[in-house]
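The values are calculated or read from the model by the stated rules, or taken from the named source; none is laboratory data. Quick caveat: nothing in here was measured; it's all calculated off a predicted structure. Note that we place each Cβ from the backbone using ideal geometry, even for glycine, and neighbour counts take in every protein chain shown.
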Amino acid sequence: MVLTSECSSQKSIQEHQTWTYNPHDSKLRSNIDGQCLTIEKSNNSSDMSNLIATSCHKTNSKELYQKWIVNNNDQTIASQLNGIWLIIFLYLIGESEKILNNQIYYAF
């Protein structure tokens, strides 16, 4: 599962917080282990899906669950599967906002 956290200045933690986008195969890879950011397949018709890090499919794969569009102009990331953006889902709890389980969700 892919989680969010505050950025850290510790090198050992920074390595776990960095990803590299390859525009040639449209994949986001973890700098720590090279795994790809993947939309978790689910039979559930929920309007949110988890993001996970998994082994990357072959470069020429037509599998769109691991393919992303990174727009540097407006700082967005969208799935090539259907153009939906990545968001950090917030719940309002009382007067404060908290990130739900520190997860990044793929929201429809």
Report task. Tell me which of these Asn50 doesn't satisfy, since it passes every other one: (1) modelled with pLDDT under 85; (2) part of a strand (DSSP E or B); (3) touching a helix residue (DSSP H, G or I) at 6+ places or on another chain (Cβ under 9 Å). Result -> (3)
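Yes/no per residue for (1) closer than 13 Å to Val2 by Cβ; (2) surrounded by 12 or more Cβ atoms within 10 Å (Cβ to Cβ); (3) modelled with pLDDT of 70 or more; (4) touching an Asp or Glu at 6+ places or on another chain (Cβ under 7 Å):
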site	(1), (2), (3), (4)
Asp25	no, yes, yes, no
Cys56	no, yes, yes, no
Asn60	no, no, no, no
Leu64	no, yes, yes, no
Ile77	yes, yes, yes, no
Gln80	no, yes, yes, no
Trp85	no, yes, yes, no
Phe89	yes, yes, no, no
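Would you check which residues across the stretch 28-40 are crowded, with 20+ Cβ neighbours inside 10 Å and closer than 17 Å to Asn82 by Cβ and list them? Outline the logic, then answer.
Step one: filter the stretch 28-40 for residues crowded, with 20+ Cβ neighbours inside 10 Å, giving 28, 36-39.
Answer for the stretch 28-40, where residues must be crowded, with 20+ Cβ neighbours inside 10 Å and closer than 17 Å to Asn82 by Cβ: Leu28, Leu37, Thr38, Ile39.
When you look at Ile69, is it at pLDDT 85 or above, under 15 Å from the mean Cα position of the chain (by Cα) and in a strand (DSSP E or B), yes or no? Step through it out loud before you land on a result.
Numbers: at pLDDT 85 or above: yes; under 15 Å from the mean Cα position of the chain (by Cα): yes; in a strand (DSSP E or B): yes.
For Ile69, the condition - at pLDDT 85 or above, under 15 Å from the mean Cα position of the chain (by Cα) and in a strand (DSSP E or B) - is met.
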